[in-house]
Amino acid sequence: MSFDAPLWLWLLPLALLPLRSAPGPALASTAFSTLPRDRLSGLLLAGLRAAAVLALAALVVGIAGPYRPEVPVERVGSGAEIVLVLDRSRSMDQSFAGARPAAAVTGTGPEALAYYSTLRAAEAQQSKGSVARELLSAFARQRPADRFGMVVFSTLPMKVLDFTQKPEVIQAAINAGNIGRGLSETNIGLALQEALGIFEGRPYSGSRIVLLVSDGGDKLDDEAKRRIHELTQRLRVSLYWIYIRSPRSPGLLQSPTAADGDAAPEVQLHRTFESLAVPYRAYEADTSEALQRAIADVDRLENLPIHYTETLPRRDLSGAAYATALVSVLLLLTANLLELRRWA
């Protein structure tokens, strides 16, 4: 326990004054001299004096401002340490029109066609960035035992969240990516190196994941490949990519026989990740089922016991001291009201 104003504690000896005070004069009666000593009355007097001491001491302690400092506490749970890497390039501000299956309407009749047209129109008003934030929010909500960090990137990466397990902080960091417009350049290599660097200096305590959410690819140079491979191997990190597919994109698994120079940038990046010999999985987030598969895979593969340290915030204890003083004063007041001062 610590105090905001510890000098007030010098007044604590004054709390002993009720122990030296004499009881009030007894009611005049000759019959009292013939009565034996009343042990219960002596205990009652001692209890009332103790209440007076406690009231004064609690009042002085409350004025001194007691508090419990923040305390690091080691906890053990099950889950993973996940760094979310969100693309904030200008292409993520463009509309998203991925095909999402409708659960309410099936078939090919006029009603279904009208429903799908309405659904496509609604999705076209959403940017790929907003869809990405929805996916990340849903992902974080479904894994409350995990600890999340976050990096956003376009030309350069920026760490916006260190590891935390607080849901409101995680959701606020994800939603903060909605501010402003992105830049035209994308550097996924630097972003991944920044995300992997968050694990540097941390003791290995469970599953580690870098979750990339992006709508496009990037050509990694040899130095970036070497650095990402070295970090993922040394820090024991798995790489997941949720690819926000654009309407005209061939997807990550299209043209498997095309040469790297002829393939789309996202296909080239996908092949690069596969060639790094690191734990890697990719998902195309053009349907809600793709997100569910990603979450299910992470739940199955990345749900080992995890040790982490949580810092408990400072706790003010002055309220408890004032409450103790109030209860003691009320007890003394009740005893005073019940005291018999004269014979009827």
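The values are calculated or read from the model by the stated rules, or taken from the named source; none is laboratory data. This is a predicted model, so every value here is computed, not measured. A quick note on method: Cβ atoms are made from the backbone with ideal geometry, for glycine too, and the neighbour counts reach across all protein chains shown. When the accessible area is computed, the model is the full protein with side chains, heavy atoms only, and any ligands, DNA or RNA have been set aside. Shrake-Rupley method; radii C 1.70, N 1.55, O 1.52, S 1.80 Å.
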*Accessible area in the full protein assembly, largest first, 1.4 Å probe, for THR155, THR272*: THR155, THR272
*Extending each Cα 7 Å along its Cβ direction at ARG37 and LEU312, get the distance between those two points in nm, one decimal.*
4.6 nm
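Provide the gained length on full extension for the span ALA320 to LEU9, in nm with one decimal, where the gain is 0.36 nm per separating residue minus the Cα-Cα distance.
Details: separation 311, 0.36 × 311 = 111.96 nm, distance 1.64 nm.
Roughly 110.3 nm would be gained on extension.
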*Between VAL151 and residues 5 or more places away or on another chain, which pairs have amide H atoms under 5 Å apart, with H built 1.01 Å from N, and which residues are they?*
LEU84, VAL85, LEU86, VAL160
*At a Förster distance of 30 Å, what's the computed FRET efficiency of GLN233 paired with ARG300, Cβ-Cβ distance as r, to 0.05?*
0.85
